[in-house]
Amino acid sequence: MTKSNAVVSPFKKFSLKGRDLLTWLDYTTEEVHELLSLAEHLKKNPISKKLEGKTLGMIFEKSSTRTRVSFEAGMLQMGGHAIYLNSRDIQLGRGESIADTAKVLSAYVDAIMIRTFEHEKVAQLAEHASVPVINGLCDTYHPCQALADVLTIYEVKGQLAGLKVVYIGDGNNVAHSFMILCAKLGMDVVVSCPKGYEPDQEVIDATVELAQLSGGSFTLSYDPEEAAAGADIVYTDVWASMGQEEETVERLQIFEPYQVNEALLAHSSDDVKFLHCLPAHRGEEVTAEVIDGGKSAVFQQAENRLHVQKAILLSVLGG
């Protein structure tokens, strides 16, 4: 998909072999378009043996459904193999340094995916590994999710540039990667959140700069109804992420006005689509009426995690 939203050939020669994927700030707009096009191709042609003999090591310090199953199934469908490494079951959980873990795993596997807390761990792993490192999620970014989000937006809207996409809720890792990628692709991005729960200022600054370069825009709003006005896409996430459980009661009160419900969507465009990265808490950040209704594309979005994960793996492993 180019800036004009045309579909480019999925058979272009990729230059991503050996690359890490830590954040979309490290990738050009053209590279993102290539990944989206490849994901679109792999969705239509799911079985391939392009990664036969390749192994992915998957480190999990945070639990997962979609990340684990999509990466593991993706490697299997492409002829490779994935090894699940729970941090409690490897030496990393007993004090081995990130650097030592990176060097050892690099001798055993062809790529490493990590789902963890601090972004610094992901960065250290990439610094010391000699194989590609993929950020499966950290407290600052969720790049694989954002790529699935954008693929879904393209599928349901037929374009990317020029759309108004609105994220309502906590300015968390999902919001960060969504902001960056949508701004990079020329969309008008709006984030609406309570005061004190804004995205990181560094991410806001980067998003504004990317939007200026792509012809898009970025707006921070504290009024969810104003933010949703005319929206093509409305996106939300849970109000208390993993590691914030002790804040749940307080957050439920603070975020209550930011619930995505039919009344809020009434301010959006007539053909608005709703996105959620899942898992969802019906009755909290979104009503069952919305997430299970005709405006929802959340399960298409969840399926697309598989296809973008495969595109990323195929690209960085050089298949």
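Nothing in this text is a laboratory measurement; each read-out follows from the coordinates by a stated rule. Note that the coordinates shown come from a computational prediction; the quantities given were computed from them, not determined experimentally. As a convention, Cβ positions derive from the backbone with ideal geometry for all residues, glycine included, and neighbour counts pool all protein chains shown.
For K103 and E247, FRET efficiency with R0 = 35 Å and r from the beta-carbon atoms, rounded to 0.05? Efficiency computed from Cβ-Cβ geometry: 0.40. Applying the Karplus relation 6.51 cos²θ - 1.76 cosθ + 1.60 with θ = phi - 60° to region 248-257 yields 3J(HN,Hα) values of 4, 4, 5, 5, 4, 6, 5, 8, 3, x Hz, where x marks Gly and Pro.
Tell me what the chain gives for mean residue ellipticity at 222 nm when only DSSP H runs of n ≥ 4 count, each as -39,500 (n - 2.57), the sum divided by the residue total, rounded to 500 deg cm²/dmol. Working shown, then result.
Numbers: 12 runs with 130 residues, N = 319.
Computed mean residue ellipticity for the chain: -12500 deg cm²/dmol.
Taking amide H atoms as placed 1.01 Å from N in the peptide plane, the amide H of W239 lies under 5 Å from those of E285, each 5 or more residues away in sequence or on another chain. Cα extents for region 78-194 along the principal axes, largest to smallest and rounded to whole angstrom: 46, 39, 22. Here the spin labels are modelled as points 7 Å beyond Cα on the Cα-Cβ line, and at S217 and I254 they lie 2.8 nm apart. If a/c stays under 1.5 just call it rounded; otherwise compare a/b with b/c (prolate if a/b is bigger, oblate if not). Do that for region 154-281, with a ≥ b ≥ c from the square roots of the Cα gyration tensor eigenvalues. Because a/c hits 1.5 or more and a/b fails to exceed b/c, region 154-281 counts as oblate. Over the Cα atoms of the chain, the radius of gyration divided by the Kirkwood radius equals 0.96; this is the Rg/Rh ratio. Placing unit charges on each Cβ (+1 for Lys and Arg, -1 for Asp and Glu) gives the chain a dipole about its Cα centre, and among A302, I312, Y235 the Cα reaching farthest toward its positive end belongs to I312. Which of the three applies to region 137-177, rounded, prolate or oblate, going by the alpha-carbon gyration tensor with a ≥ b ≥ c and a/c under 1.5 meaning rounded? Note, shape of region 137-177 comes out oblate.
Can you give the extra length, in nm with one decimal, that the chain gains between K49 and E202 once fully stretched, where that is 0.36 nm per residue apart less the Cα-Cα distance?
Values: separation 153, 0.36 × 153 = 55.08 nm, distance 4.06 nm.
Here the segment from K49 to E202 would lengthen by 51.0 nm.
Once the C-beta distance of V69 and E96 is scaled by a Förster radius of 41 Å, the resulting FRET efficiency is 0.95 to the nearest 0.05. Rounded to whole numbers, the Karplus 3J(HN,Hα) couplings from phi for region 112-128 are 10, 10, 10, 10, 8, 9, 6, 5, 4, 5, 4, 5, 5, 4, 5, 5, 9 Hz, using 6.51 cos²θ - 1.76 cosθ + 1.60 with θ = phi - 60°, and x at Gly and Pro. Here the contact order of region 121-207, divided by its residue count and restricted to Cα pairs under 8 Å and six or more residues apart, works out to 26 percent.
With θ taken as phi - 60° and the Karplus curve 6.51 cos²θ - 1.76 cosθ + 1.60 applied, the whole-hertz 3J(HN,Hα) list for region 296-301 is 7, 10, 5, 7, 5, 4 Hz, x standing for glycine and proline.
What FRET efficiency, computed as 1/(1 + (r/R0)^6) with R0 = 22 Å and r the Cβ-Cβ distance, is obtained for E226 and Q300, rounded to the nearest 0.05? With a Förster radius of 22 Å, E is 0.20. Annotation: extensible slack from R282 through A266 equals 3.9 nm (criterion: 0.36 nm per residue apart, minus Cα-Cα distance). Between amide H atoms placed 1.01 Å from N, distances below 5 Å from L21 occur with V133, I134, N135, all of them 5 or more places distant or on a separate chain. Of interest is the spacing of the C-alpha centroids, which for region 146-166 and region 229-264 amounts to 21 Å.
With a ≥ b ≥ c taken as the square roots of the eigenvalues of the C-alpha gyration tensor of region 87-154, please select rounded if a/c is under 1.5 and otherwise prolate if a/b is larger than b/c or oblate if it is not? Since a/c reaches 1.5 and a/b is larger than b/c, the shape of region 87-154 is classed as prolate. At full extension, Q159 and I83 could sit 23.7 nm farther apart than now, given 0.36 nm per residue minus the alpha carbon distance. List the trypsin sites (Lys or Arg not before Pro) in region 42-94 that DSSP assigns to loop (not H, G, I, E or B) and whose Cβ has at most 12 other Cβ atoms within 10 Å. Which are they? Those that pass, being in a loop and sparsely packed, are K49, R88.
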